[in-house]
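Here is the structure we will look at.
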Amino acid sequence: MLIPATFLGLAVLIVTSEGTYPYPPPVNPHFQPHLYHGCYGDIMSMNTSGVSCDIDRLINCGIRGSEMFAEMDLLPMKKYQTIIKDVGQKQCVDPALIAGIISRETHAGSVLQDGWDHQGLKFGLMQLDKHTYQLIGAWDSQEHLTQAVKILTDKIRAIQRKFPTWTMSLHLKGGLSAYKSGIDAIVTPSDVENEFVHDILARCKFFKRHGF
């Protein structure tokens, strides 16, 4: 018996909403960023407290602090918007998530020296360590950004395998934490509720609202 196409489409939506992780879909020429959140969860629905508040940062902290930094990076980030969206679609990652990481790590490349951090150890918009990865492509190229995003998705999937009962939100937060500190540093859900993750998520939401 033939199953109507509309039913199949509904089934796919139901399965995806319950936490499975579909393979990256083909690039959609009618891509609408405000509707797209990739394969790893809707960042707009995830809780975040933004950048940490401490004795030295009592005003520019929290969600508003993260948004302030993201707003400072918005104009230079526009330079990379096309490749961010292209890489995001091809790797099934929300472009706003990529923009949030780039903002946190390099302020859209504005603090780099020929693509390197001030110590000459980390490279590219998403800051890959030269001692950990065999770097490919120019620091601001689509090729290199693809490498970094693939490393991020590898970390997310590793967290999915390590903690199969966790929610999609925790898997994403765990992937972000592992991207920064490694898989072994994550043992409990509290390990992924850190300043790095919350700052990035708050920045992601800002970039999502601004077309990424």
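The values are calculated or read from the model by the stated rules, or taken from the named source; none is laboratory data. These numbers were taken from a predicted model, which means no experiment stands behind them. All Cβ positions, glycine included, derive from the backbone under ideal geometry; neighbour counts span all protein chains shown.
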Scan the stretch 62-105 for residues that are at positive phi and assigned to a helix (DSSP H, G or I) and jot them down. Gly62
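Only one of Ile84, Ile98 is touching a Gly at 6+ places or on another chain (Cβ under 6 Å), closer than 27 Å to Glu193 by Cβ and crowded, with 20+ Cβ neighbours inside 10 Å. Can you tell me which?
Details: Ile84 fails: touching a Gly at 6+ places or on another chain (Cβ under 6 Å).
The unique qualifying residue is Ile98.
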Kindly establish whether Lys150 is surrounded by fewer than 19 Cβ atoms within 10 Å (Cβ to Cβ) and in a helix (DSSP H, G or I). yes
Does Leu201 satisfy being free of Cβ contacts under 8 Å to residues at least 40 places away in the same chain and within 22 Å of Ser66 (Cα to Cα)? no
Given the conditions (1) in a loop (DSSP other than H, G, I, E, B); (2) over 23 Å from Met46 (Cβ atoms), which single one is not true for Glu143? (1)
For the stretch 137-153, state whether one or more residues are within 27 Å of Gly50 (Cβ to Cβ) and without any contact (Cβ under 8 Å) to a residue 24 or more places away in the chain. no
Considering only residues that are outside any helix (DSSP H, G or I) and of a type outside the set (A, V, I, L, M, F, W, C), look in the stretch 154-203 and name the one that is surrounded by the fewest Cβ atoms within 10 Å (Cβ to Cβ). Thr165
For the stretch 101-129, give me the residue count where each residue is touching an Asp or Glu at 6+ places or on another chain (Cβ under 9 Å), aliphatic (A, V, I, L, M) and buried (at least 22 other Cβ atoms within 10 Å of the Cβ). 3
Scanning the stretch 42-65 for residues that are loosely packed, with under 15 Cβ neighbours inside 10 Å and either within 22 Å of Met168 (Cα to Cα) or at pLDDT 90 or above (or both) gives Met44, Ser45, Asn47, Arg64
